[in-house]
Amino acid sequence: MTFAGHYAYFVTILLLMVGLFIVIARSNLIKKLIGLGLFQTAVYLLYISPGKLIGGVAPIVGEGFEVYSNPLPHVLILTAIVVGVATLALGLALVVRIKEAYGSIEEEEILGLDADDELKSRDRS
Amino acid sequence: MSGSMALAGILATPLVGLVLVSLSGRWPNLREGITLSTAVVLFAQVLGLYGAVADGARPELVLLPMLPEVSLQLTAEPLGMLFGLIASGLWIISSIYSIGYMRGNQEGNQTRFFVCFAGAIFAAQGIAFAGNMLTLFLFYEAMTLITYPLVTHHGTDHAKKSARIYLGVLMGTSIVFLLTGMLATWVLAGTLDFREGGILAGQVGATGTAVLMALYMFGIGKAALMPFHRWLPAAMVAPTPVSALLHAVAVVKAGVFSVVKVVVYVFGTENLMSLGSADWVPMIAGYTIVAASIVALRADNLKRRLAYSTVSQLSYVTLAATLLAPISIVGAAMHIAVHAVGKITLFFAAGSIYTAAHKTEVSQLDGIGRKMPWTMLAFGVGALSMIGLPPAAGFISKWYILSAAMSAEHWTAVAVLVVSTLLNAGYFLPIVWRAFFREPPASDHHGDAHGHDHHDDHGEAPWPMVLAQTVTASLTIILFIYHEPVLKLARAVAGGD
Amino acid sequence: MLSQHLPILLVVVPLLAAPIIVLLRRSFPSWLVATLASIATLAIALPLLARAVSEGVISYAIGNWPPPLGIEYRVDAANAFVAFIVSLIGVFVMPYCRRGVSSEVRAEEHYLFYAMMMLCLSGLLGILLTGDAFNLFVFLEISSLATYVLIAMGRDRRALVASYQYLLMGTIGATLYVIGIGLLYLQTGTLNLADLAVRLPAMGDPRATLAALAFITVGISLKIALFPLHLWLPNAYAYSPSAVSAFLAATATKVSIYVLMRYFFTIFGETVVFDARYTGVILLALSLAAMFIPAVVAIFQTDVKRLLAYSSVSQIGYITLGISLHSVGGLTAAVAHLFNHALTKGGMFLVLGGVVFRLGGSALDRMAGLGRTMPIASFAFVIGGLSLIGIPGTAGFVSKWYLVTAAMAEGQWWLAGAVMLSSLLAVIYVWRFVEVAYFREPPAGHPPAGEAPLSLLLPALAMIVACVWFGLDASWSGNMARAAAEALAGGWK
């Protein structure tokens, strides 16, 4: 098939990779979550785009309508969005708690603080 | 029916003893009383089974269905009977001895000691009457673990380091080689039961059998075939009764017992003979005998000398078993029994010397025979047995092994036996000679200058120890004259009656 | 009547317990409800297992919508057995929580803790029973979200970071899984697993199937903590409350392993997964790496909880090794180790929880002299350690027996040596504890001698006893593992 035929897949993969890159490369915990959100959104696209048929309409049985879009992916993705929102909410809540406990949301600083603790406790013992 | 009940009793008795001993830790006299009576009851039970087994009965008992395919199972057969008798009989004597030793030296953790002692005997009985390889392996590993606290008894860094070697070698060989060999046997033969003629007969080719043979021979680390013998001298760090238990009664005997058992019932002597897959084992065993004897010759520490002597003597059994002739199997089985009583005597004597005189080196023993005549007499008998001279029992088994080697025209084995006899004499007789015919060192009389060196005025060791070593020494001589019961069992193993 | 609804009840009982607990709010009633609910799940799982073994596949249509239109729950010996393991562990862990949680979680959060435990349990059981690929994802996320919260409840602030990291990794894993089933859906037009199992072979082996297989394998492997995707696991186990460590170590990764086995053997089928490409070799290589590298790392840990966590990664290698053999024998070994390791590691974490309760920390140095101050606990811990090594008489030996005989039956003799050598590594890390606990003097300022409270000690001991029992008498567990393996390999046709 042509590039145009695979257009949705290319967008999906681009978004996936951008999201994953942010998760891996950013040190800021909030930005990581944004990357994670992008990563998940790309999958919504993967599901929804093939469900749409050119000329298809909403799957409500009526006269004169022959071609319907597949409703199932939408339903599935609705569930997936709910799961995604819950994950994001939990992630953000964790970041808030981390900020309270460490005073930072930069991963490198947090890991540094932990390493310091480790050294101190070893000195004591 | 009654036979399987007896088997259940034999396994249960040391366990009950173990529990009672651990509960009675606060009352030493009661505790020792329990140890002794458990030992006596156990020996009586094993003895009660002797008649039936010698007449050809093979009582069985299924303990637990351990795996869907193989169950934990006990079977009494002649070889196991022999080992069971030795282990339980010598437990009585070494308990008496331990009581004297532990109290005489004011050792700590005596309850733990007696608990683990009972545990080791439990494992030894399990090994002796194991009905299949899986059961044997279970109790074999149990024995390694239960004797670990005995080896580390003193809890010092040195003890810890030695115990690491002990555990590392025994556990390492059993997991990497023995377990692999056992599982391979299961896959190839489809059974792990001990069967006359061997379960591997006709199942595996010559090369495969040789590989399996190597897995078993080196996997049974307790038989101390070189190069996996290091644990034995390392375990010398333990108190002397433990060494006696390890090196004469339970652990090493469990090793060589397993070797004989595997050769006879897993591989089958005729199968091995026709395949020629075990021809290399006598070479390794012969090398171990000679090399260990040479090390023993140069060791000044008495217990170290005894340890290497044990390494060498164990390989007699392995050598005899892998000569594969019926008469050599008789020799192997006999040697298990004979070496047990002889070596335990030697260790008892070493422990007595340590308790009474606090001496550990051979070079310190000048003239000690005058102060401790009973001890050194017992030592002399044990030494004669090791060398294989009449009137000690060692002569009998050596005779069988030697004649087997001769009739098989295995000249290497013959040469090994001759050389090792000379070496044995070379490292045992000087000790006896020193003890009786050399003047005590002059410094003995000036030792009082230190004020507290009161060990110079020692006499004999505490009476339980003297009693124990006298009994085992007498047994060594009695076995020379009257060995029919043992021989009957040994013949049953070899003849496959 | 009720017995027909067992599959859905198994999931619904803990799911309903969660909101009830939130309404109750008080610590003790919450605990009581959670414990009763977990006992109820075991009471449901047992007859379900019995029926699945005797009758074969049980299909349950949710809301009477016939599959593949509606969501189907499909139970056979394999998932019924894993469900039994999960609910059994639940019954061991919940009584322990009462005392264990009181010292590790803030009092006002207790009811949330129990609610999350119930959600986690419900999610795990849902993953096992559901016959729908997308429904499986939803349950996966339910259990994962609950798990993130549970880990974050650990009292060390590092628990928060561990939870956050697990959240990232877990979400990526779950999302990869969704991509995989999306690709399968695009090809076949169905999400019903049994339907997929029928339709996929008919498609031949197009590249989209390969892509789906890759996405699903990697996604689930993240949840399994298959080496080298295990980075989230050590921190998550080390800093979460002890009861949670025990529960997760015994159940969460195991359930994901079941999912992987189900996809490999029932849905894609052996031909697509193993015969057509190098999945078996790759899985074998990763399993071997898992058996050795994390085991070496475990040896150098200074914290016992982390030591156990790395040991878990290494033990997972044994299970995936069984899968990589792709024979019924290998699968039997994998399922048997699933069960045996759940008992062993769960029991060890519970024992350790009691020790931490007394000592206030899980650093190895603190355990000095433990053999004298807490003799029962340290003895139980050593027994568990022996099971990790695979000493006969413990559950671990049974797994090793199955694994090595399966490898030998496949002609892979050298694998036997690899398994044995890696158990020697286990000897070393177990013996580090033994030497510290038995040969060192208790440090100054050490709490006085005494065991953990009975409510902590008894569940832990019960698991260790079970671990020995199923080592001495594995006839039941071995037969179950074989039935499960045959169910997995036989498919749902």
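Just one of C:336, C:298 is aliphatic (A, V, I, L, M) and within 19 Å of residue C:77 (Cβ to Cβ); which is it? Give the steps one after another, and end with the answer.
On the way: C:298 fails: within 19 Å of residue C:77 (Cβ to Cβ).
Just a single option satisfies the conditions, and that option is C:336.
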*Is there any pair with a first residue in the stretch C:202-214 that is open to solvent by 50 Å² or more (accessible area, probe 1.4 Å) and a second that is in a loop (DSSP other than H, G, I, E, B) and at pLDDT below 90 whose Cβ atoms are under 7 Å apart and which are 6 or more apart or on different chains, and what are they?*
C:205/C:276
*What number of residues within the stretch B:146-168 satisfy the criterion of being open to solvent by less than 30 Å² (accessible area, probe 1.4 Å) and assigned to a helix (DSSP H, G or I)?*
9
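Quick one: is residue C:30 over 22 Å from residue C:127 (Cβ atoms) and buried (at least 22 other Cβ atoms within 10 Å of the Cβ)?
Numbers: over 22 Å from residue C:127 (Cβ atoms): yes; buried (at least 22 other Cβ atoms within 10 Å of the Cβ): yes.
So residue C:30 fits the description; yes.
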*Candidates B:110, B:73, filtered to the one that is open to solvent by 10 Å² or more (accessible area, probe 1.4 Å) and touching a strand residue (DSSP E or B) at 6+ places or on another chain (Cβ under 8 Å)*: B:73
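Any idea which residue in the stretch C:185-195 is nearest to the other protein chains (Cβ to nearest Cβ), counting only those that are in a helix (DSSP H, G or I) and either over 20 Å from residue C:488 (Cα atoms) or open to solvent by 10 Å² or more (accessible area, probe 1.4 Å) (or both)? Please lay out each step first, then the result.
Initially, the stretch C:185-195 is screened for residues in a helix (DSSP H, G or I), giving C:185-188, C:193-195.
Add one more test, that the residue is either over 20 Å from residue C:488 (Cα atoms) or open to solvent by 10 Å² or more (accessible area, probe 1.4 Å) (or both), and what stays is C:185-188, C:194-195.
Numbers: C:185: 8, C:186: 6, C:187: 11, C:188: 13, C:194: 17, C:195: 13 Å.
Looking at the filtered set, the residue picked out is C:186.
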*Just one of (1) among the hydrophobic types (A, V, I, L, M, F, W, C); (2) open to solvent by 20 Å² or more (accessible area, probe 1.4 Å); (3) modelled with pLDDT of 80 or more trips up residue B:442, so point out which.*
(3)
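Here is a yes/no grid of residues against (1) more than 11 Å from every other protein chain (Cβ to nearest Cβ); (2) assigned to a helix (DSSP H, G or I):
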site	(1), (2)
C:384	yes, yes
C:393	no, no
C:429	yes, yes
C:442	yes, no
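Tell me which residues, restricted to the stretch C:131-153, are more than 8 Å from every other protein chain (Cβ to nearest Cβ) and open to solvent by 10 Å² or more (accessible area, probe 1.4 Å). Even if it seems obvious, please write down each step before you answer.
From the stretch C:131-153, those more than 8 Å from every other protein chain (Cβ to nearest Cβ) are C:131-133, C:135-136, C:139-140, C:142-144, C:146-147, C:150-151, C:153; that's our starting set.
Selection gives C:132, C:135, C:139, C:142, C:153.
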*Could you please let me know if residue C:171 is over 24 Å from residue C:351 (Cα atoms) and over 19 Å from the mean Cα position of the chain (by Cα)?*
no
*Qualifying residue in the stretch B:91-104 (condition: within 14 Å of chain C (Cβ to nearest Cβ), open to solvent by 10 Å² or more (accessible area, probe 1.4 Å) and not in a loop (DSSP other than H, G, I, E, B))*: no
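Given the condition on the phi > 0 side of the Ramachandran plot and either hydroxyl-bearing (Ser, Thr, Tyr) or away from every other protein chain (no Cβ under 14 Å) (or both), answer yes or no: does some residue in the stretch B:28-43 qualify? Write out each step before concluding.
Of the stretch B:28-43, the ones on the phi > 0 side of the Ramachandran plot are none.
Among the residues of the stretch B:28-43, not one is on the phi > 0 side of the Ramachandran plot and either hydroxyl-bearing (Ser, Thr, Tyr) or away from every other protein chain (no Cβ under 14 Å) (or both), which makes the answer no.
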*Within the stretch C:106-130, track down each residue that is open to solvent by less than 10 Å² (accessible area, probe 1.4 Å), more than 20 Å from residue C:192 (Cα to Cα) and touching a Pro at 6+ places or on another chain (Cβ under 9 Å).*
C:113, C:115, C:117, C:118, C:120, C:121, C:122
*asked:* Quick check on my filter: what residues within the stretch B:207-235 are touching a Ser or Thr at 6+ places or on another chain (Cβ under 8 Å), under 21 Å from residue B:346 (Cβ atoms) and surrounded by 24 or more Cβ atoms within 10 Å (Cβ to Cβ)?
replied: B:222, B:223, B:224, B:229, B:232, B:235
*Quick one: would you say residue B:321 is buried (at least 24 other Cβ atoms within 10 Å of the Cβ), in a helix (DSSP H, G or I) and modelled with pLDDT of 85 or more?*
yes
_Boolean, residue C:354 is more than 14 Å from chain B (Cβ to nearest Cβ) and without any contact (Cβ under 8 Å) to a residue 12 or more places away in the chain_ = no
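Tell me, please, whether a residue that is aliphatic (A, V, I, L, M), within 11 Å of chain B (Cβ to nearest Cβ), assigned to a helix (DSSP H, G or I) and surrounded by fewer than 20 Cβ atoms within 10 Å (Cβ to Cβ) can be found in the stretch C:450-457. If you could, list the steps in order and put the result at the bottom.
Kept after step one, since they are aliphatic (A, V, I, L, M), are these residues of the stretch C:450-457: C:452, C:454, C:456-457.
Subsequent filtering for residues that are within 11 Å of chain B (Cβ to nearest Cβ) retains none.
No, there is no match, as no residue in the stretch C:450-457 is aliphatic (A, V, I, L, M), within 11 Å of chain B (Cβ to nearest Cβ), assigned to a helix (DSSP H, G or I) and surrounded by fewer than 20 Cβ atoms within 10 Å (Cβ to Cβ).
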_Within the stretch C:107-148, tally of residues that are without any contact (Cβ under 8 Å) to a residue 40 or more places away in the chain and either touching a Lys or Arg at 6+ places or on another chain (Cβ under 8 Å) or among the charged types (D, E, K, R) (or both)_ = 2
_For the stretch C:155-184, give me each residue that is of a type in the set (Gly, Ala, Ser) and either within 22 Å of residue A:70 (Cβ to Cβ) or away from every other protein chain (no Cβ under 13 Å) (or both)._
C:180, C:182
_Tabulated pairs, the stretch B:252-264, first in contact (Cβ under 8 Å) with a residue 60 or more places away in the chain and farther than 18 Å from residue B:192 by Cβ, second charged (D, E, K, R) and open to solvent by less than 10 Å² (accessible area, probe 1.4 Å), C-beta under 8 angstrom, 6+ apart or interchain_ = B:252/B:222; B:256/B:222
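Within the stretch C:49-67, work out how many residues are among the polar types (S, T, N, Q) and either under 15 Å from residue C:129 (Cβ atoms) or crowded, with 16+ Cβ neighbours inside 10 Å (or both).
In the first step, residues of the stretch C:49-67 are kept if they are among the polar types (S, T, N, Q); the result is C:54, C:59, C:64.
Next, only the ones that are either under 15 Å from residue C:129 (Cβ atoms) or crowded, with 16+ Cβ neighbours inside 10 Å (or both) stay: C:59.
Result for the stretch C:49-67: 1.
Report whether or not residue B:79 is assigned to a helix (DSSP H, G or I), farther than 17 Å from residue B:249 by Cα, out of contact with any Cys (no Cβ under 9 Å at 6 or more places or on another chain) and not hydroxyl-bearing (Ser, Thr, Tyr). Give the steps one after another, and end with the answer.
On the way: assigned to a helix (DSSP H, G or I): yes; farther than 17 Å from residue B:249 by Cα: no; out of contact with any Cys (no Cβ under 9 Å at 6 or more places or on another chain): yes; not hydroxyl-bearing (Ser, Thr, Tyr): yes.
Judged against the criteria, residue B:79 is not a match.
Of the residues in the stretch C:412-423, how many are open to solvent by 50 Å² or more (accessible area, probe 1.4 Å) and at the interface with another protein chain (Cβ under 9 Å from one of its Cβ atoms)?
Quick first cut of the stretch C:412-423, residues open to solvent by 50 Å² or more (accessible area, probe 1.4 Å) only: C:412-414, C:421.
Now restrict to residues that are at the interface with another protein chain (Cβ under 9 Å from one of its Cβ atoms): C:413, C:421.
Selection size over the stretch C:412-423: 2.
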*asked:* Looking only at helices (runs of 4 or more DSSP H) that lie completely in the stretch A:1-111, which have at least 1 residues being open to solvent by less than 60 Å² (accessible area, probe 1.4 Å) and in contact (Cβ under 8 Å) with a residue 60 or more places away in the chain?
replied: A:29-51, A:72-102
*How many residues does the stretch B:180-209 hold that are within 11 Å of residue B:267 (Cβ to Cβ), among the β-branched types (Val, Ile, Thr) and within 28 Å of the chain's Cα centre (by Cα)?*
3
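Looking only at residues that are farther than 19 Å from residue C:92 by Cα and touching a residue at least 60 places away in the same chain (Cβ under 8 Å) in the stretch C:16-26, which one is most open to solvent (accessible area, probe 1.4 Å)?
Ranking the qualifying residues of the stretch C:16-26, first place goes to C:26.
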*List every residue pair whose Cβ atoms sit under 9 Å apart, with the two residues 6 or more apart in sequence or on different chains, where the first one lies in the stretch C:437-454 and is hydrophobic (A, V, I, L, M, F, W, C) and the second, anywhere, is surrounded by fewer than 13 Cβ atoms within 10 Å (Cβ to Cβ) and assigned to a loop (DSSP other than H, G, I, E, B).*
C:439/B:156
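The values are calculated or read from the model by the stated rules, or taken from the named source; none is laboratory data. For clarity, every value in this text was computed on a predicted model and none was experimentally measured. Please note: Cβ atoms are built from the backbone with ideal geometry, for glycine as well, and neighbour counts cover all protein chains shown. These accessible areas exclude ligands, DNA and RNA; they are computed on the full protein's heavy atoms, side chains included. Shrake-Rupley method; radii C 1.70, N 1.55, O 1.52, S 1.80 Å.
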